[in-house]
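Everything on this sheet refers to the single structure shown next.
Throughout, read-outs are computed from the coordinates displayed, never taken from laboratory work. Quantities reported herein were computed from a predicted structural model and do not represent experimental measurements. Every residue, glycine among them, receives a Cβ derived from its backbone with ideal geometry; neighbour counts consider all protein chains shown.
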Amino acid sequence: MSDERDDTQPTGPALGKDEWVARFGANRVRRSGALGVLEQRLATVSWWAWLTLFVAVIAALPLGIESGYVRRVAFDTVVLMLLALGLNIVVGWGGLLDLGFVAFYGVGAYAYALLASDHSGIHLPSILLIPLVAVIGALAGWLVGLPSRRLLGDYLAIVTLFFFQIFLTVTNNGDNVFGASITNGPNGLLNIDPLSFFGWTIPRSTSEGLFNVAYIYVALAFFGVVYVALRFVNESRTGRAWRSLREDPLAAEMMGMPVNRLKLLAFAFGAGVAALTGTFASALNGSVFPQNFEFPLLITVYTIVILGGQGSQVGVVLGAVIVSVLLEVLRDANDARSLFYVALVLGLYGAFRASTRLVVVLGGTIVLGFVLRTVAGAIDGSWTAGTAEDAGRAAHLAAEWVIVPLEPARWLAPAAYLVLVTLVLGLTLVGGRLRLAALVPTLYLAAFVWENVLLAKPEATRYIVIGVILVGLMIVRPNGLLGEKRVEIV
Amino acid sequence: MADRVLELQGVTMAFGGLTVVDALDLHVERGEIVSVIGPNGAGKTTLFNLVTGVYRPSAGDIRFEGSSIVGLEPHAITQRGIARTFQTLRLFLNMTVRENVMAAAYGHTQAGVIRSMLRTPGMRREERAIRALAEERLGFFGERLVGYRWDQPAYSLSYANRRRLEIARATATNPRLLLLDEPAAGMNPNETLEMAELIGKLRDVGGYTILVIEHDMHVVEGISDRVVALDHGVKIAEGTFEQVATDPKVVEAYLGTGAMARKAL
Ligand SMILES: Nc1ncnc2c1ncn2[C@@H]1O[C@H](COP(=O)(O)OP(=O)(O)O)[C@@H](O)[C@H]1O
Ligand SMILES: [Mg+2]
């Protein structure tokens with residue numbers, strides 16, 4: 001019908017909007033040369049090949065390394081990967097705010113402990129127990145979500161937070177339930193069975209007392225199964241319905257999808273995966289305490305999901321690897337220091353690229369540092385006599401440049417912190433040369449705060465650094481690393 | 001009496017003190033195309049929201065194929081056989097064209113999560129059927145929504161194609177009654193004409209009974225078996241297009257809105 005109008009056009013059929021979009025996709029600029037060929041080849045590799053490769057690499061990692069520490073980190077990373085997959089169902093697919101997620105992980109750990117330990121006298125085989133615990137967790141999730149069925153929204157956040165608190169209260173006080181000890185309170189449950197399959201018990205450590213790699217493999221195997229199962233669900237009518245209700249819940253409901261029930265399903269599903277993960281923690285540690293399930297873990301898992309990109313399975317798995325490794329690196333003051341300065345320089349490079357402005361800011365900050373330190377040292381020797389935290393080569397370098405007082409006044413740390421925050425906020429208000437000029441003292445002050453305040457408290461610093469990375473990422477890539485770009489209103 | 005698909009008896013809807021739909025009686029017979037007209041704010045969209053369960057009427061009864069649907073959840077009403085489109089367009093914008101339609105097959109398909117996790121043969125068969133159904137429903141619009149467009153995100157569609165996709169999505173719920181809320185709004189004259197033909201085809205070929213809200217009087221004249229005019233939530237006229245268009249109350253209702261009257265009649 002529109003052809004009648006097209007007759008007025010001199011050449012061929014006119015390009016409608018849809019045609020244009022279609023052709024635009026086909027003509028999108030492709031990288032040329034060897035890199036372009038590689039890119040196209042990589043794009044055709046199927047997802048299960050990537051998954052196999054990923055699992056194989058993680059599995060091979062701890063083999064050559066005879067370090068219990070590295071193996072432990074690898075195991076914890078797999079646990080975080082599983083937790084991230086679980087939370088991704090709730091947050092990324094169901095669009096729900098679940099602040100009690102870690103409690104379901106705890107439910108799983110305690111369920112395993114109660115069904116496979118001397119404490120209860122029950123010793124179920126792992127192959128039965130792990131799926132059973134996952135079902136228990138999903139049922140618990142269903143029950144917790146049920147009261148807020150019609151109110152799934154902000155109310156769910158409150159209900160789940162409440163549940164989290166109840167979980168902690170119960171586990172902490174469960175040592176005297178009408179005289180019987182169920183959770184053994186703060187002292188936790190001990191002597192939990194290790195994993196056992198078909199009569200074979202898997203020892204936690206090898207004969208030389210080294211972390212048993214088998215635990216990593218069992219966790220990895222379950223990770224693979226969970227990953228594939230979830231991917232299949234996401235590709236089914238249920239996954240489509242989840243995506244629809246995230247786009248427009250009213251329209252989804254109108255197209256015959258029971259929105260509330262689907263949300264509850266996502267919630268229970270996530271709880272099930274969390275509980276399943278809890279079994280590994282219990283089995284490996286041989287003990288379980290209420291303190292294992294507190295807020296920092298919840299924040300870590302949320303960080304992973306947001307960093308990786310809500311809704312993207314690949315994204316949250318990579319997010320788990322990144323955050324897990326980062327948290328370990330930040331444990332060591334010297335590594336944390338390197339990371340801090342590298343991140344600073346990379347951030348500047350990201351903002352300015354290779355330009356004179358980059359040189360001016362970097363050079364200016366370095367010069368300012370030496371000048372200030374010399375001046376401060378001349379006024380009072382003790383002002384620069386402090387030794388930087390954890391002496392190493394980088395520490396010496398840093399101490400030559402940053403003012404580290406021997407005994408900083410008590411007001412100094414909070415004051416510097418306050419000024420830094422004010423300066424950073426001020427930076428967002430000014431522009432052009434002024435911002436460039438203000439950036440130099442701000443950077444120096446950041447280094448000062450880092451050396452004097454943050455490095456002294458590695459535990460808190462780890463989370464502060466993660467927080468800063470998250471804020472930065474939200475500004476640059478609001479969808480996370482691999483989250484899909486979404487069009488909200490067109 | 002013919003086969004009555006939809007029947008409203010004394011349906012009233014009040015928001016606070018404002019009565020938007022007032023003791024409305026309305027019925028649609030199987031195979032009919034009934035148009036609802038009326039000035040802006042007459043309560044036409046609210047009527048659709050009542051039928052589809054978004055709102056629960058303050059009074060009165062709504063019967064679909066003989067049984068009351070008042071108080072049912074919207075998805076349950078859809079699963080019984082009523083589907084709608086939205087005046088304001090509510091597509092799943094970040095999903096592909098095909099997925100938009102496939103999603104709407106949820107209500108009449110079975111595969112649960114366990115079967116999906118295991119990818120049972122039955123589940124895969126059903127999935128293929130859903131896909132075929134979506135492509136078939138999109139094929140209803142000729143070449144407009146087929147081929148490369150299947151895999152495009154809905155947001156990349158032109159306005160007219162979005163309206164078409166809304167209809168395709170609604171038909172994928174396998175309804176017997178289709179509620180179309182201003183399907184030609186915002187379209188150019190050619191597209192409007194095409195939409196009018198399409199509505200006829202939906203009834204004749206698709207076999208749907210249709211209740212449609214439309215502003216364009218040429219479209220209303222061309223497609224309607226019966227026309228119902230609303231003003232301030234009250235039915236002011238009902239009958240053939242000629243009867244309603246010449247009804248003094250209808251003329252007055254439209255004259256009240258000045259420019260509307262000149263454009264419409
Ligand atoms: N949820 C609501 N709350 C209050 N008033 C509403 C609501 N929905 C519709 N209305 C009012 O009802 C009247 C009819 O609206 P509507 O049915 O959308 O009219 P139209 O005939 O143009 O589709 C309008 O005055 C509108 O403001
Ligand atoms: Mg309307």
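For the protein assembly as shown, the share of DSSP beta bridges that are antiparallel, to the nearest 5, is 65%. Counting, for every residue in B:158-167, the Cβ atoms of other protein chains within 10 Å of its Cβ and taking the mean gives 2. For chain A, the Cα-based Rg and Dmax, in that order, read 27.1, 92 Å.
Checking every one of the trypsin sites (Lys or Arg not before Pro) in region A:344-385 against DSSP loop status and a limit of 15 other Cβ atoms within 10 Å picks out A:353. Look at B:192, B:78, A:300 and count the other Cβ atoms within 10 Å of each Cβ; fewest to most, that gives B:192, A:300, B:78. Within the shell defined by Cβ-Cβ distances under 13 Å, the residues around residue B:23 carry a net charge of -2, with Lys and Arg each +1 and Asp and Glu each -1.
Rank the residues A:104, B:241, A:198, A:269 as a footprinting-exposure proxy: fewest other Cβ atoms within 10 Å of their Cβ go first. So the ranking, lowest neighbour count to highest, is A:198, B:241, A:269, A:104.
Excluding residue A:215 itself, calculate the net charge of residues whose Cβ lies under 10 Å from the Cβ of residue A:215, where each Lys or Arg counts +1 and each Asp or Glu counts -1.
+3
Residue order for A:396, B:108, fewest other beta carbons within 10 angstrom first, comes to A:396, B:108.
Take the Cα coordinates of region A:47-329, assign each an equal point scatterer, and use the Debye formula without solvent to give log10 I(q)/I(0) at q = 0.14 Å⁻¹. Listed by q, the Debye log ratios stand at -1.00. Peptide A:225-233 has a mean of 3 when you count, residue by residue, the C-beta atoms of other protein chains within 10 Å of its C-beta. Scaling the Cα radius of gyration of region A:334-456 by the globular reference 2.2 N^0.38 Å produces a ratio of 1.06. Loop-resident GluC sites (Glu not before Pro) (DSSP state other than H, G, I, E or B) in region A:447-490 with no more than 10 further Cβ atoms inside 10 Å of their Cβ: A:488.
From the alpha carbon centroid of region B:146-185 to that of region A:332-369 is 52 Å. Each Cα pair under 8 Å and six or more residues apart adds its sequence gap; the mean of these over the residue count of chain A is a relative contact order of 20 percent.
Springs join every pair of Cα atoms under 10 Å in this Gaussian network model of chain B, and among B:106, B:208, B:148 the largest mean-square fluctuation is at B:148.
Hey, what D do you get for region B:92-160 in µm²/s if you plug the Kirkwood alpha-carbon radius into Stokes-Einstein at 10 °C and 1.306 mPa s?
Estimated diffusion coefficient is 123 µm²/s.
Give the share of C-alpha pairs in each 5 angstrom bin for region A:408-451, from 0 to the last occupied bin, in whole percents, shortest bins first. Result, from short to long distances: 5, 24, 29, 21, 12, 6, 3, 0 percent. Within the shell of other residues whose beta carbon sits under 9 angstrom from the beta carbon of residue B:239, the net charge comes to -2, with Lys and Arg scored +1 and Asp and Glu -1.
Of the trypsin sites (Lys or Arg not before Pro) found in region A:457-489, those that fall in a DSSP loop while having at most 14 other beta-carbon atoms within 10 Å are A:485, A:486.
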